[in-house]
1. Identify all residues within segment 147-173 that are touching a residue at least 24 places away in the same chain (Cβ under 8 Å) and either touching a Cys at 6+ places or on another chain (Cβ under 8 Å) or not in a helix (DSSP H, G or I) (or both); write none if there are none.
2. Which one of these does LYS144 not meet: (1) within 15 Å of the chain's Cα centre (by Cα); (2) assigned to a helix (DSSP H, G or I); (3) touching a residue at least 40 places away in the same chain (Cβ under 8 Å)?
3. Could you look through segment 189-203, keep only residues that are hydrophobic (A, V, I, L, M, F, W, C) and within 16 Å of PRO232 (Cβ to Cβ), and pick out the one that is farthest from the chain's Cα centre (by Cα)?
4. If we scan segment 251-270, do we find a residue that is in a loop (DSSP other than H, G, I, E, B), of a type in the set (Asp, Glu) and free of Cβ contacts under 8 Å to residues at least 12 places away in the same chain?
5. Quick one: which residue in SER270, SER258 is loosely packed, with under 12 Cβ neighbours inside 10 Å and not aromatic (Phe, Trp, Tyr)?
6. Considering segment 342-360 alone, what residues qualify as being assigned to a helix (DSSP H, G or I), of a type outside the set (A, V, I, L, M) and closer than 14 Å to ILE243 by Cβ?
7. Which condition from (1) in contact with a helix residue (DSSP H, G or I) (Cβ under 7 Å, 6 or more places away or on another chain); (2) outside the structural domain of GLU364 (by TED's automatic domain parsing); (3) at pLDDT below 90; (4) not small (Gly, Ala, Ser) is the one that PRO202 breaks?
8. Condition first: over 25 Å from GLU96 (Cα atoms) and loosely packed, with under 13 Cβ neighbours inside 10 Å. Can you find one or more residues in segment 44-57 that meet it?
Amino acid sequence: MDTIKIGKFIAEKRKEKKLTQENLAEKLGVTSKTISRWENGNYMPDISLLKPLSEELGITLNDLISGEKVDKDHYQEKLEENIINTIDYTSKKVYEKSRVIAEILIVFGLGLIFTAFTIFPSESSWGSIYSIFGFIISLIGFSKINKKKSYIKRLFLNLGYIILGLILLISLDYANVRLNNVPPRFSYLIKTTENMIIYKSPLCNVYRINRNKKNEYYIVDTKRIYTEETIPITPFNRDKAGIDNIINFKNEYIGNNSNDSHLIDNLPLSEYGYVFEIDSENLGLTIDYHITDWYINENKYLEKSLLYNTISIFSLIDNVQDITFNFSGNSYKVSRNKVETTFPNYKDIVDNGINKDNFNKYVENKINDNEFIEEIFNKIFVN
């Protein structure tokens, strides 16, 4: 169907009828801009307007679709050709509209997935619902694009899209877990215990320790090496206070205020606010916490924190000789010599600078043993 030829023919017959584009548009119930587009060959009139248009121009429907006056000798032949061309043109237009709708569905569905991951928190079931809903919408759009293909091809293409879509959702979820330390959205098993929530997802297990507390932290177990019994549990925020982080602040000398401040800031009790000062002459460190000691001592949290902070500071700042922890209630003093002679396996912890595995074994793993804490605390601290 030659739209340019048809457009010129419409313009020619309109002028013969002494009609302006505005006159013709008014008779047909369209805009003058629409008439202009027809005559420029940019668009074909809607099928519902072909008969009214041909009547207004004083031509047959066969003439209009041919773009010229059809003589009687070729009328039947031209009519059959125009019927086929009209059907083809209509099918093409329907497919183009369908494709646009399909592309809109795909974009909208993918946008819905992105929105679900950015707006809703991981714990919210709405995030999973919206992302799955978005994926289904995009799948419908993808299916519409491929509807002209054979049944077998459509089946394989749709199955491939489903598999790739699921891989995308799971991968985005995994990346979100790794980057933001949040629970996975797509967990096939969730278990809640006294100290933690365990999320089992296709690519990893996630352990949420100290849930809904100040010192909540996550362990993302991609190799699935931990179980509920072996997962490291401390009363502190392990992401901040764990040896893997605080070892970054190891220093030979006390007095590097920036380094010392970063170390103290990542250790337990810093969440309550503090100031510190250094005794350069005697190589001492004093930390004043902005809280009363007995106020934070549920389940021996104070003793556990002071022991953990003591071992961490002596292990990471080589020349500190004594530490004083001040609270609005009491002060607690400890010396390096006392720790070296009293704390079990301390030499193994500081072997060749600091041994992270031994730190976890002899400090982190012991921190929940209340009997051990009480025994060692009373031996090394002077109140």
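The values are calculated or read from the model by the stated rules, or taken from the named source; none is laboratory data. In this text the structure is predicted, and so the values were computed from the model without any measurement. Positions of Cβ are backbone-derived with ideal geometry, glycine not excepted, and every protein chain shown enters the neighbour counts.
1. LYS147, LYS148
2. Only one criterion is unmet by LYS144, namely (1).
3. Residues of segment 189-203 that are hydrophobic (A, V, I, L, M, F, W, C), as a first pass: 189-190, 196-198, 203.
With within 16 Å of PRO232 (Cβ to Cβ) added as a condition, the list becomes 196-198.
Values: MET196: 23, ILE197: 20, ILE198: 20 Å.
Per the criteria, the residue is MET196.
4. Of all residues in segment 251-270, those in a loop (DSSP other than H, G, I, E, B) come to 252-256, 267-269.
Now drop any that are not of a type in the set (Asp, Glu), which leaves 252.
Going one step further and asking which of them are free of Cβ contacts under 8 Å to residues at least 12 places away in the same chain, we end up with none.
Scanning segment 251-270, I find no residue that is in a loop (DSSP other than H, G, I, E, B), of a type in the set (Asp, Glu) and free of Cβ contacts under 8 Å to residues at least 12 places away in the same chain, so the answer is no.
5. Numbers: SER270 fails: loosely packed, with under 12 Cβ neighbours inside 10 Å.
Checking each option against the conditions leaves just SER258.
6. Step one: filter segment 342-360 for residues assigned to a helix (DSSP H, G or I), giving 342, 346-349, 356-360.
Add one more test, that the residue is of a type outside the set (A, V, I, L, M), and what stays is 342, 346-348, 356-360.
Result: ASP348, LYS356, ASP357, ASN358, PHE359, ASN360.
7. (3)
8. Within segment 44-57, not a single residue is over 25 Å from GLU96 (Cα atoms) and loosely packed, with under 13 Cβ neighbours inside 10 Å.
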